[in-house]
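Engineer: Right, I'll just put the structure down here and ask away after.
The values are calculated or read from the model by the stated rules, or taken from the named source; none is laboratory data. Keep in mind the model is a prediction, meaning the values are calculated, not measured. Glycine gets a Cβ as well: all are built from the backbone with ideal geometry, and neighbour counts include every protein chain shown.
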Amino acid sequence: MKYLVGAMLLVLSMNCFSSQKNGVGEIIRMSVYPNGDMQYRTIDVEGFDKSGVNCYQSGSTNVITMLMEDDAIGNSQYSMALAAYMSGKKVRVKVDDSKMIGSFCTLRLIQICKSDDICI
């Protein structure tokens, strides 16, 4: 019985872990649009390997759209995304498809890369 419970916990933890994915790419579009009392902020990142992630795909096979939440963290993420977009720098992002709003995955992490070596 103890082994069965341990096996179930292992399987459940793997499912939780597999819902987040890291990737590196360039921001090619940023959007803000209202939705009732909230506003949606999205970024489209080109070059992100989407295998294993069930996020909205923005037409191209290597572009993923990520949603930032309408809170202080989302504001900070959007500011960092804007800085990367304006400077043409690549970003490292982590998306989470276990917490989706519509068909959009939520952005969990964004880092601006000074060079390609730092991004990897």
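Engineer: Report, by residue number, each residue of region 99-120 that is of a type in the set (S, T, Y) and within 11 Å of the chain's Cα centre (by Cα).
Structural biologist: Answer for region 99-120, where residues must be of a type in the set (S, T, Y) and within 11 Å of the chain's Cα centre (by Cα): just T106.
Conditions (1) touching a Cys at 6+ places or on another chain (Cβ under 6 Å); (2) more than 26 Å from D116 (Cβ to Cβ); (3) surrounded by 11 or more Cβ atoms within 10 Å (Cβ to Cβ); (4) modelled with pLDDT of 80 or more, marked per residue:
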residue	(1), (2), (3), (4)
L10	no, yes, no, no
Q20	no, no, yes, yes
G25	no, no, yes, yes
R29	no, no, yes, yes
Y33	no, yes, no, yes
G36	no, yes, no, yes
Q39	no, yes, yes, yes
T42	no, no, yes, yes
E46	no, no, yes, yes
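Engineer: Moving on to the next point. I want to confirm something. Restricting to region 48-88 and keeping residues that are farther than 14 Å from S31 by Cβ and touching a residue at least 40 places away in the same chain (Cβ under 8 Å), which single residue is surrounded by the fewest Cβ atoms within 10 Å (Cβ to Cβ)?
Structural biologist: G88
Engineer: Moving on to the next point. Does region 72-92 contain at least one residue that is within 12 Å of the chain's Cα centre (by Cα) and modelled with pLDDT under 90?
Structural biologist: So far as region 72-92 goes, no, none of its residues is within 12 Å of the chain's Cα centre (by Cα) and modelled with pLDDT under 90.
Engineer: What are the pairs with Cβ atoms under 8 angstrom where one residue, in region 96-111, is on the phi < 0 side of the Ramachandran plot and the other, located anywhere, is of a type in the set (F, W, Y)? Sequence gap at least six, or different chains.
Structural biologist: If the second residue must be of a type in the set (F, W, Y), the pairs left are I101/Y40; S103/Y56; F104/Y40; F104/Y56; C105/Y56.
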